[in-house]
Amino acid sequence: MELNQLTAHELLDKLKSKQITVSALESALGACLRKNEPQVKAYVRMDLNALPTANSQSQAEIGGLPITIKDNICTLGLLTECCSKILENFRPPYDATVITKLKAAGLRIFPFKANMDEFAFGSSTENSFFGPTRNPWNLDTVPGGSSGGSAAAVASDEAIWALGSDTGGSIRQPASFCGVVGLKPTYGRVSRYGLIAFASSLDQIGPLTKDVKDAAILTQIISGYDAKDSTSINLAVPDYTQSLTGDIRNLKIGIPKEYFVAGLDPEIKSIIEEAINKLTNLGAKIQNISLPHTDYAVPVYYIIATAEASSNLARFDGVQFGFRAPADNLLQMYKKTRAEGFGAEAKRRIILGTFALSHGYYDAYYLRALKVRTLIKQDFDRVFKDYDCIVCPTSPTAAFKIGERTADPLKMYLSDIYTISANLAGLPAISIPCGFTKKGLPVGLQIMAKPFNEELLFRVAHTFEQHTEWHKRRAQL
Ligand code: GLN
């Protein structure tokens, strides 16, 4: 086994006991990147010649354990372009709070950023200005999105671990498609300061890792109150590794009946049912529950998310950030910059969101969507009075073919049918590997809990992981 294939906690132990050096790890990572990255394209603007080789091992220590960062999280002096032409060559003059925290924990920010759908708009990473990332398990399929670069990098061992962002499933769905662990923390748990905003009331940064323990460690590092984010919550951050007890006996788990209807691939359904049986065998008490407003999640999300996106994207006008189109006067400059700088999906969302917020339609669409959002949240509040957590599929299908859904935005939007509700309700949710399809594609199991109950997610996920081998399979490239 190469060093870059180990988990972060294994590497941290070996570094601490001086069994290995960071430069040995960096050269293993460099060799892996030279081999895999031309096929996977998990990173943007990757310069393979800038990576350490085995011979450069004698060089001075390079720093701590590397971590890969999605292209929408601001990194001081390092390109942060949201995989959009409109942010071409943008180098932030500051670090996002999560980056400051990673650095304080002794980690090294990997200098190349992970690919993503432009502004995190998408479920396949095909909306990137830099072209698609490929799924390491099958290069003809998508890695999921929008954090597809982060997930594919971890799955192909081109990264030890990574950060992504999740507005409607963008950490969990790619984690599911790539066979890795992905967590969307509770809204307010992790500071959004320095995360380039998509939909401010839904966005959260979270980890993509090779196992649950790494997810717990990384969540702990990035969590906590931040005065720079007015929606961050001032609550103590528990020691998440303490929650990995391996015991889920008598835990009450609800299975939402609305998540097991038409649209769910029968093969995925049976893999999820097997995983649920496993949880029963481990002592959990499983019962069917109902989340009656589930059908409204996708339409409500696409009104709220596009409304917020249209407002957040107004700042990209060629004046302060990134790309500016040459023009004769100011108005032409705005128009040409936005016309040339945004991709098709970004334009679609700006138009949709602007419409939903416009005079005369605001009440009919945006305000109504906010009310239904409350009903969706109340479904969960009701269930969590009697149940500890909810278990369901992460996505209705495994990874689909590149190009298969690009012509049909509605079909693409339905990939997130099981992940969106957690964002609308502000809940924490995790996706963990729970099996493979006959074609060898990974399948993810999603677990959701009450706000600020990440500990329970880690406990259930870790217990399941301890009794299964899925997370140990590696993609063969
Ligand atoms: N796929 C969803 C969308 O396109 C979610 C994206 C995300 O979570 N950033 O909006």
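Laboratory data are not the source of any read-out in this text; all were calculated from the coordinates shown. What you see is a predicted model, and the numbers here were worked out from it, not measured in a lab. Backbone-built Cβ (ideal geometry, glycine too); neighbour counts: all protein chains shown.
Summary table
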| item | result |
| --- | --- |
| Inter-part distance where region 75-120 and region 247-264 are each reduced to a Cα centre, Å | 37 Å |
| Net charge dipole size for region 154-305 [Lys, Arg +1 and Asp, Glu -1 on Cβ; Debye, nearest 20] | 420 debye |
| Cβ-based charge dipole, the chain, positive-most Cα from Ile73, Ala28, Gly440 | Ile73 |
| Once the Cα gyration tensor of region 9-161 is diagonalised, semi-axes √(5λ) in Å | 25, 18, 14 |
| Residue-wise HN-Hα coupling along region 79-88, computed from phi with Karplus coefficients 6.51, -1.76, 1.60 (Hz; x: Gly, Pro) | 3, 9, 10, 6, 6, 10, 5, 5, 9, 3 |
| Among the listed pairs Lys210/Lys450; Lys252/Lys385; Lys16/Lys213, those beyond 21 Å (Cα-Cα) | Lys210/Lys450 |
| Partner aspartates and glutamates for Lys336 [C-alpha distance under 20 Å; skip if fewer than 8 residues away on the same chain] | Glu81, Glu88, Glu118, Asp317, Asp328, Glu345 |
| Distance in nm between pseudo-label sites at Arg108 and Lys401 (7 Å out along the Cβ direction from Cα) | 4.2 nm |
| Cα-projected label distance for Arg315 with Lys278, points at 7 Å along beta-carbon direction, nm | 4.2 nm |
| Principal axis dimensions, largest first and in whole angstrom, of region 228-375 by Cα | 70, 38, 31 |
| Straight-distance crosslink candidates among lysines, where the alpha carbon sits under 21 Å from Lys335 and sequence neighbours closer than 8 are dropped | Lys85, Lys347 |
| Descending Cα extents along the principal axes, region 1-50, whole Å | 34, 18, 17 |
| Positive dipole terminus of the chain, leading residue within Asn115, Asn277, Thr231 (C-beta point charges) | Thr231 |
| Alpha-carbon centroid distance for the pair region 315-378 / region 184-225, whole angstrom | 25 Å |
| Mean separation of Cα contacts under 8 Å (6+ apart) over length of the chain, as relative contact order % | 18 percent |
| FRET efficiency for Ser290 and Gln39, using Cβ-Cβ distance with R0 set to 45 Å, rounded to 0.05 | 0.55 |
| Helix-derived mean residue ellipticity, 222 nm - over the chain, DSSP H n ≥ 4, -39500 (n - 2.57), to 500 | -10500 deg cm²/dmol |
| Label-point separation, Asp381 to Asp13 (7 Å along Cα→Cβ), nm | 4.4 nm |
| Charge-dipole axis of the chain as Lys and Arg at +1 and Asp and Glu at -1 on Cβ define it, positive-most pick from Ala422, Thr100, Leu139 | Ala422 |
| Length gained when the stretch Lys439-Tyr225 is fully extended (0.36 nm per residue, less Cα-Cα span) | 72.7 nm |
